[in-house]
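The values are calculated or read from the model by the stated rules, or taken from the named source; none is laboratory data. Note that the structure is a prediction, hence the values are computed from the model and not measured. When we count neighbours, we look across all protein chains shown, and the Cβ atoms used for this are built from the backbone with ideal geometry, even at glycine.
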Amino acid sequence: MEKDELFSDNPQENLRIENDFLKLKLKAQYGDAFFMGSNADLPPEIENQFLKNMIAFEESHANAEYTTVYESIGKPDYKSADEMNAAEITVELERITAIMAVHHIGLNICDGPYADETIYKFITEELFAQEIEKVAVAGMGCNFNYEEFYPNDKVEIEKKCHEFLQHWFTRDFNEYSSELGYEFILADGRRIGRTAFMEKIKPFFDAFTEFKDDGYQIDEVKFELLDADRGIGHAEGILKYDAVMENGEKIHYEGPYKLYMIREDKWWSIFYFVMPGFEW
(Lines give C-alpha, C1' and ligand atoms only; values in the text may rest on other atoms or scores of the structure.)
Protein backbone atom coordinates (compact mmCIF):
# COMPACT_ATOMS: atom_id res chain seq x y z
CA MET A 1 0.00 0.00 0.00
CA GLU A 2 1.03 3.62 -0.57
CA LYS A 3 1.85 5.72 2.48
CA ASP A 4 -1.42 7.73 2.31
CA GLU A 5 -3.41 4.47 2.06
CA LEU A 6 -2.14 3.02 5.30
CA PHE A 7 -4.75 2.04 7.86
CA SER A 8 -2.39 1.52 10.79
CA ASP A 9 1.02 2.53 12.05
CA ASN A 10 1.80 -1.17 12.42
CA PRO A 11 3.27 -2.54 9.13
CA GLN A 12 2.19 -6.09 9.97
CA GLU A 13 -1.38 -4.96 10.57
CA ASN A 14 -1.38 -3.08 7.26
CA LEU A 15 -0.27 -6.22 5.48
CA ARG A 16 -3.06 -8.23 7.08
CA ILE A 17 -5.61 -5.59 6.02
CA GLU A 18 -4.23 -5.57 2.47
CA ASN A 19 -4.36 -9.37 2.40
CA ASP A 20 -8.03 -9.27 3.38
CA PHE A 21 -8.71 -6.83 0.54
CA LEU A 22 -6.86 -9.06 -1.95
CA LYS A 23 -8.88 -12.07 -0.82
CA LEU A 24 -12.11 -10.11 -1.24
CA LYS A 25 -11.00 -9.09 -4.72
CA LEU A 26 -10.32 -12.69 -5.70
CA LYS A 27 -13.57 -13.84 -4.15
CA ALA A 28 -15.56 -11.15 -5.98
CA GLN A 29 -13.86 -11.91 -9.28
CA TYR A 30 -13.89 -15.71 -9.19
CA GLY A 31 -16.68 -16.50 -6.72
CA ASP A 32 -16.75 -20.00 -5.28
CA ALA A 33 -13.90 -21.01 -7.60
CA PHE A 34 -11.59 -19.14 -5.19
CA PHE A 35 -11.06 -20.49 -1.72
CA MET A 36 -8.22 -19.80 0.69
CA GLY A 37 -8.64 -20.60 4.33
CA SER A 38 -7.00 -18.41 6.93
CA ASN A 39 -3.73 -19.60 8.35
CA ALA A 40 -2.55 -17.86 11.49
CA ASP A 41 0.90 -19.46 11.15
CA LEU A 42 1.50 -18.03 7.67
CA PRO A 43 3.56 -14.81 7.79
CA PRO A 44 1.55 -11.92 6.28
CA GLU A 45 4.48 -11.06 3.95
CA ILE A 46 4.37 -14.56 2.42
CA GLU A 47 0.58 -14.54 2.16
CA ASN A 48 0.68 -11.08 0.56
CA GLN A 49 3.14 -12.19 -2.12
CA PHE A 50 1.16 -15.36 -2.75
CA LEU A 51 -2.08 -13.41 -3.25
CA LYS A 52 -0.43 -10.91 -5.58
CA ASN A 53 1.10 -13.73 -7.61
CA MET A 54 -2.31 -15.39 -7.82
CA ILE A 55 -3.94 -12.21 -9.10
CA ALA A 56 -1.14 -11.71 -11.64
CA PHE A 57 -1.50 -15.30 -12.82
CA GLU A 58 -5.29 -15.07 -13.20
CA GLU A 59 -5.08 -11.76 -15.05
CA SER A 60 -2.42 -13.14 -17.37
CA HIS A 61 -4.51 -16.25 -18.02
CA ALA A 62 -7.68 -14.23 -18.64
CA ASN A 63 -5.95 -12.05 -21.24
CA ALA A 64 -3.93 -14.80 -22.87
CA GLU A 65 -3.90 -15.39 -26.60
CA TYR A 66 -4.02 -18.94 -27.90
CA THR A 67 -2.18 -20.84 -30.57
CA THR A 68 -1.75 -24.48 -31.52
CA VAL A 69 0.93 -26.86 -30.35
CA TYR A 70 2.20 -27.10 -33.93
CA GLU A 71 2.55 -23.33 -34.28
CA SER A 72 4.16 -23.03 -30.85
CA ILE A 73 7.01 -25.40 -31.82
CA GLY A 74 7.81 -23.49 -35.01
CA LYS A 75 5.73 -25.49 -37.53
CA PRO A 76 8.50 -28.01 -38.36
CA ASP A 77 8.25 -30.14 -41.48
CA TYR A 78 7.09 -33.68 -40.88
CA LYS A 79 5.88 -36.70 -42.85
CA SER A 80 2.69 -38.65 -42.48
CA ALA A 81 3.13 -41.99 -40.73
CA ASP A 82 1.69 -43.67 -43.84
CA GLU A 83 4.68 -42.46 -45.87
CA MET A 84 7.28 -44.18 -43.67
CA ASN A 85 8.28 -47.62 -42.50
CA ALA A 86 8.57 -48.58 -38.82
CA ALA A 87 12.27 -47.65 -38.54
CA GLU A 88 11.71 -44.23 -40.13
CA ILE A 89 8.76 -43.55 -37.82
CA THR A 90 10.94 -44.24 -34.76
CA VAL A 91 13.55 -41.74 -35.97
CA GLU A 92 10.92 -39.12 -36.77
CA LEU A 93 9.21 -39.61 -33.41
CA GLU A 94 12.49 -38.93 -31.61
CA ARG A 95 13.05 -35.81 -33.73
CA ILE A 96 9.57 -34.40 -33.18
CA THR A 97 9.56 -35.05 -29.42
CA ALA A 98 12.99 -33.40 -29.17
CA ILE A 99 11.64 -30.31 -30.94
CA MET A 100 8.66 -30.29 -28.61
CA ALA A 101 10.95 -30.52 -25.57
CA VAL A 102 12.97 -27.51 -26.74
CA HIS A 103 9.72 -25.53 -26.76
CA HIS A 104 8.66 -26.93 -23.35
CA ILE A 105 5.90 -29.14 -24.74
CA GLY A 106 5.78 -32.61 -23.18
CA LEU A 107 3.77 -35.77 -23.74
CA ASN A 108 3.51 -38.15 -20.78
CA ILE A 109 2.72 -41.80 -21.45
CA CYS A 110 1.61 -43.49 -18.25
CA ASP A 111 0.30 -46.89 -19.34
CA GLY A 112 2.56 -47.82 -22.25
CA PRO A 113 4.48 -48.96 -24.04
CA TYR A 114 2.61 -48.20 -27.23
CA ALA A 115 3.87 -48.66 -30.77
CA ASP A 116 5.91 -45.71 -32.08
CA GLU A 117 3.48 -45.43 -34.98
CA THR A 118 0.56 -44.99 -32.55
CA ILE A 119 2.26 -42.16 -30.67
CA TYR A 120 3.60 -40.50 -33.83
CA LYS A 121 0.13 -40.48 -35.39
CA PHE A 122 -1.35 -39.09 -32.18
CA ILE A 123 1.17 -36.24 -32.07
CA THR A 124 0.98 -35.26 -35.73
CA GLU A 125 -2.74 -35.87 -36.29
CA GLU A 126 -4.22 -34.74 -32.96
CA LEU A 127 -1.81 -33.13 -30.51
CA PHE A 128 -0.47 -30.63 -33.05
CA ALA A 129 -3.99 -29.19 -33.36
CA GLN A 130 -4.49 -28.71 -29.60
CA GLU A 131 -4.74 -25.10 -28.46
CA ILE A 132 -2.44 -23.74 -25.76
CA GLU A 133 -1.69 -20.29 -24.38
CA LYS A 134 0.48 -18.29 -26.74
CA VAL A 135 2.51 -16.65 -23.99
CA ALA A 136 3.40 -19.28 -21.40
CA VAL A 137 3.81 -18.36 -17.75
CA ALA A 138 7.50 -17.95 -16.94
CA GLY A 139 9.06 -21.14 -15.63
CA MET A 140 6.14 -23.33 -16.67
CA GLY A 141 5.81 -25.75 -19.55
CA CYS A 142 2.84 -27.45 -21.16
CA ASN A 143 2.39 -31.18 -20.62
CA PHE A 144 -0.19 -33.56 -22.03
CA ASN A 145 -1.07 -37.10 -20.97
CA TYR A 146 -1.77 -39.58 -23.75
CA GLU A 147 -4.21 -41.49 -21.55
CA GLU A 148 -6.38 -38.39 -21.11
CA PHE A 149 -7.12 -38.70 -24.82
CA TYR A 150 -7.16 -42.51 -24.96
CA PRO A 151 -7.77 -44.02 -21.51
CA ASN A 152 -6.42 -47.54 -21.03
CA ASP A 153 -9.27 -48.96 -18.98
CA LYS A 154 -7.75 -52.42 -18.49
CA VAL A 155 -4.53 -50.99 -17.12
CA GLU A 156 -6.44 -48.55 -14.90
CA ILE A 157 -8.50 -51.38 -13.40
CA GLU A 158 -5.32 -53.37 -12.77
CA LYS A 159 -3.76 -50.34 -11.06
CA LYS A 160 -6.77 -49.96 -8.76
CA CYS A 161 -6.56 -53.65 -7.95
CA HIS A 162 -2.87 -53.40 -7.03
CA GLU A 163 -3.50 -50.31 -4.91
CA PHE A 164 -6.40 -51.94 -3.07
CA LEU A 165 -4.54 -55.16 -2.28
CA GLN A 166 -1.42 -53.33 -1.12
CA HIS A 167 -3.56 -51.24 1.23
CA TRP A 168 -5.35 -54.37 2.39
CA PHE A 169 -2.18 -56.26 3.25
CA THR A 170 -0.72 -53.25 5.08
CA ARG A 171 -4.10 -52.46 6.71
CA ASP A 172 -3.59 -48.92 5.60
CA PHE A 173 -6.83 -47.61 4.08
CA ASN A 174 -7.79 -44.01 4.77
CA GLU A 175 -10.23 -41.42 3.45
CA TYR A 176 -7.73 -40.44 0.75
CA SER A 177 -7.29 -43.95 -0.70
CA SER A 178 -8.02 -43.04 -4.32
CA GLU A 179 -9.00 -46.55 -5.43
CA LEU A 180 -12.06 -46.50 -3.16
CA GLY A 181 -15.39 -45.16 -4.33
CA TYR A 182 -17.22 -42.50 -2.38
CA GLU A 183 -20.13 -44.89 -2.07
CA PHE A 184 -20.29 -48.68 -1.62
CA ILE A 185 -23.22 -50.79 -2.77
CA LEU A 186 -23.59 -53.91 -0.64
CA ALA A 187 -24.96 -57.27 -1.76
CA ASP A 188 -28.35 -56.55 -0.19
CA GLY A 189 -28.65 -53.22 -1.98
CA ARG A 190 -27.68 -50.99 0.94
CA ARG A 191 -25.50 -48.02 0.15
CA ILE A 192 -22.85 -46.74 2.55
CA GLY A 193 -20.39 -43.89 2.27
CA ARG A 194 -16.62 -44.10 2.48
CA THR A 195 -16.62 -43.12 6.16
CA ALA A 196 -19.04 -45.93 6.99
CA PHE A 197 -16.88 -48.30 4.97
CA MET A 198 -13.83 -47.34 7.02
CA GLU A 199 -15.78 -48.07 10.20
CA LYS A 200 -16.89 -51.40 8.74
CA ILE A 201 -13.39 -52.74 8.05
CA LYS A 202 -11.75 -51.28 11.18
CA PRO A 203 -12.83 -54.06 13.61
CA PHE A 204 -11.48 -56.71 11.23
CA PHE A 205 -8.12 -54.97 10.88
CA ASP A 206 -7.92 -54.18 14.60
CA ALA A 207 -8.34 -57.86 15.46
CA PHE A 208 -4.81 -58.48 14.16
CA THR A 209 -1.39 -56.94 14.67
CA GLU A 210 -0.28 -57.48 11.07
CA PHE A 211 -0.83 -59.37 7.83
CA LYS A 212 2.20 -61.22 6.53
CA ASP A 213 3.29 -63.80 3.95
CA ASP A 214 0.85 -62.29 1.48
CA GLY A 215 0.61 -62.87 -2.23
CA TYR A 216 -1.86 -62.52 -5.06
CA GLN A 217 -2.40 -62.79 -8.78
CA ILE A 218 -4.83 -61.08 -11.13
CA ASP A 219 -6.49 -63.73 -13.28
CA GLU A 220 -9.17 -61.70 -15.02
CA VAL A 221 -10.05 -58.11 -15.80
CA LYS A 222 -13.33 -57.32 -17.54
CA PHE A 223 -15.20 -54.09 -18.17
CA GLU A 224 -18.04 -52.62 -20.17
CA LEU A 225 -18.27 -48.98 -21.16
CA LEU A 226 -21.77 -47.54 -20.94
CA ASP A 227 -20.80 -44.27 -22.61
CA ALA A 228 -17.73 -42.05 -22.98
CA ASP A 229 -17.46 -41.40 -19.23
CA ARG A 230 -19.17 -44.30 -17.46
CA GLY A 231 -18.64 -48.02 -17.21
CA ILE A 232 -18.64 -51.07 -14.95
CA GLY A 233 -15.98 -53.71 -14.49
CA HIS A 234 -14.14 -56.04 -12.14
CA ALA A 235 -10.80 -57.64 -11.36
CA GLU A 236 -10.49 -61.06 -9.78
CA GLY A 237 -7.93 -63.70 -8.90
CA ILE A 238 -6.46 -65.70 -6.03
CA LEU A 239 -4.73 -64.36 -2.93
CA LYS A 240 -3.34 -65.51 0.40
CA TYR A 241 -2.14 -63.92 3.63
CA ASP A 242 -1.54 -64.77 7.28
CA ALA A 243 -3.36 -62.61 9.84
CA VAL A 244 -1.34 -62.43 13.08
CA MET A 245 -3.21 -62.01 16.37
CA GLU A 246 -1.83 -60.27 19.45
CA ASN A 247 -0.85 -63.60 21.08
CA GLY A 248 1.17 -64.51 17.99
CA GLU A 249 -1.33 -67.01 16.61
CA LYS A 250 -1.79 -66.90 12.85
CA ILE A 251 -4.94 -67.38 10.81
CA HIS A 252 -4.26 -68.33 7.22
CA TYR A 253 -6.63 -66.88 4.63
CA GLU A 254 -6.50 -68.05 1.05
CA GLY A 255 -8.96 -68.10 -1.82
CA PRO A 256 -10.57 -66.10 -4.61
CA TYR A 257 -11.11 -62.37 -4.40
CA LYS A 258 -13.14 -60.05 -6.62
CA LEU A 259 -13.16 -56.26 -6.81
CA TYR A 260 -16.20 -54.61 -8.39
CA MET A 261 -15.55 -51.23 -9.99
CA ILE A 262 -17.43 -48.36 -11.57
CA ARG A 263 -16.15 -45.77 -14.04
CA GLU A 264 -17.44 -42.25 -13.52
CA ASP A 265 -16.00 -39.19 -15.28
CA LYS A 266 -13.36 -41.53 -16.78
CA TRP A 267 -12.19 -42.54 -13.27
CA TRP A 268 -12.35 -46.14 -12.01
CA SER A 269 -13.10 -46.83 -8.33
CA ILE A 270 -14.10 -49.83 -6.21
CA PHE A 271 -17.67 -49.96 -4.90
CA TYR A 272 -17.79 -53.54 -3.56
CA PHE A 273 -15.43 -56.48 -3.02
CA VAL A 274 -15.19 -60.08 -1.88
CA MET A 275 -12.07 -60.90 0.15
CA PRO A 276 -11.02 -64.11 1.97
CA GLY A 277 -11.47 -63.59 5.71
CA PHE A 278 -13.73 -60.56 5.51
CA GLU A 279 -17.51 -60.59 5.86
CA TRP A 280 -19.76 -57.62 5.21
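Could you tell me whether any residue of the stretch 224-238 is surrounded by fewer than 14 Cβ atoms within 10 Å (Cβ to Cβ) and over 22 Å from Tyr150 (Cα atoms)? No, the stretch 224-238 contains no residue that is surrounded by fewer than 14 Cβ atoms within 10 Å (Cβ to Cβ) and over 22 Å from Tyr150 (Cα atoms).
Note on the stretch 211-249: residues that are of a type in the set (Asp, Glu) and on the phi > 0 side of the Ramachandran plot amount to 1. Which number in (1) at positive phi; (2) surrounded by fewer than 11 Cβ atoms within 10 Å (Cβ to Cβ) marks the one condition that Asn174 misses? Failed condition: (1). For the stretch 116-128, the criterion of a residue being surrounded by 16 or more Cβ atoms within 10 Å (Cβ to Cβ), part of a strand (DSSP E or B) and of a type outside the set (Gly, Ala, Ser) is satisfied by no position.
Looking at Lys212, Lys160, just one residue is buried (at least 17 other Cβ atoms within 10 Å of the Cβ), of a type in the set (Lys, Arg) and at pLDDT 95 or above, and that residue is Lys160.
Is there a residue being touching a Lys or Arg at 6+ places or on another chain (Cβ under 9 Å), hydroxyl-bearing (Ser, Thr, Tyr) and not in a strand (DSSP E or B) anywhere in the stretch 182-189? Yes, there is a match, as at least one residue in the stretch 182-189 is touching a Lys or Arg at 6+ places or on another chain (Cβ under 9 Å), hydroxyl-bearing (Ser, Thr, Tyr) and not in a strand (DSSP E or B).
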